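Colleague: For reference, the structure I am asking about is given below.
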Amino acid sequence: MAVLPSYCYRDPAVVYEQNEARSCKGCIYEKSARLMGTTHTVCTKLLPGGKRRQHGRRCQSFNDGEK
């Protein structure tokens with residue numbers, strides 16, 4: 001049995017919100033495609049050098065389409 005970090009033993013709603021606040025989920029730059037039976041999710045926002053951002057952690061460019 002795995003030992004969870006101490007913050008995971010609080011109110012489940014608070015833990016869920018905290019985890020969602022750190023992810024890219026819902027960002028307008030997040031795109032998913034199904035390739036060879038596997039779903040791949042990427043960030044379409046480019047970094048200043050022309051490279052793609054690594055998907056999964058929320059960045060300063062996060063935009064969920066509101067406002």
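The values are calculated or read from the model by the stated rules, or taken from the named source; none is laboratory data. A quick note: this is a predicted structure, and the numbers were derived from the prediction, not measured. When we count neighbours, we look across all protein chains shown, and the Cβ atoms used for this are built from the backbone with ideal geometry, even at glycine.
Colleague: Being exposed (fewer than 10 other Cβ atoms within 10 Å of the Cβ), not hydrophobic (A, V, I, L, M, F, W, C) and not in a loop (DSSP other than H, G, I, E, B) is the filter here, so list the residues in the stretch 1-17 that pass it.
Modeller: Ser6, Tyr9, Pro12
Colleague: In this structure, is Val15 without any contact (Cβ under 8 Å) to a residue 60 or more places away in the chain and in contact with a helix residue (DSSP H, G or I) (Cβ under 6 Å, 6 or more places away or on another chain)?
Modeller: Values: without any contact (Cβ under 8 Å) to a residue 60 or more places away in the chain: yes; in contact with a helix residue (DSSP H, G or I) (Cβ under 6 Å, 6 or more places away or on another chain): yes.
Criteria met by Val15.
Colleague: Here is a further query. If I filter the stretch 23-47 down to residues being among the β-branched types (Val, Ile, Thr) and modelled with pLDDT under 85, which single residue comes out as nearest to Asn63 (Cα to Cα)? Give the derivation first.
Modeller: Taking the stretch 23-47 first, the residues among the β-branched types (Val, Ile, Thr) are 28, 38-39, 41-42, 44.
Remaining after also requiring modelled with pLDDT under 85: 28, 41-42, 44.
On the way: Ile28: 6, Thr41: 16, Val42: 15, Thr44: 12 Å.
Filtering the stretch 23-47 for residues that are among the β-branched types (Val, Ile, Thr) and modelled with pLDDT under 85, the one nearest to Asn63 (Cα to Cα) comes out as Ile28.
Colleague: From the list Glu20, Glu66, which one is out of contact with any Pro (no Cβ under 9 Å at 6 or more places or on another chain), surrounded by fewer than 10 Cβ atoms within 10 Å (Cβ to Cβ) and at pLDDT below 80?
Modeller: Details: Glu20 fails: surrounded by fewer than 10 Cβ atoms within 10 Å (Cβ to Cβ).
None of the other options fit; the residue is Glu66.
Colleague: Which of the residues that make up the stretch 39-55 are assigned to a loop (DSSP other than H, G, I, E, B) and under 16 Å from Ile28 (Cβ atoms)?
Modeller: Thr44, Lys45, Arg53, His55
Colleague: Can you list residue pairs whose Cβ atoms sit under 7 Å apart, with the first residue in the stretch 39-51 being in contact (Cβ under 8 Å) with a residue 12 or more places away in the chain and the second being among the small types (Gly, Ala, Ser) and surrounded by 12 or more Cβ atoms within 10 Å (Cβ to Cβ)? Count only pairs 6 or more apart in sequence or on different chains.
Modeller: That search, which allows pairs on different chains as well, returns Lys45/Ser61.
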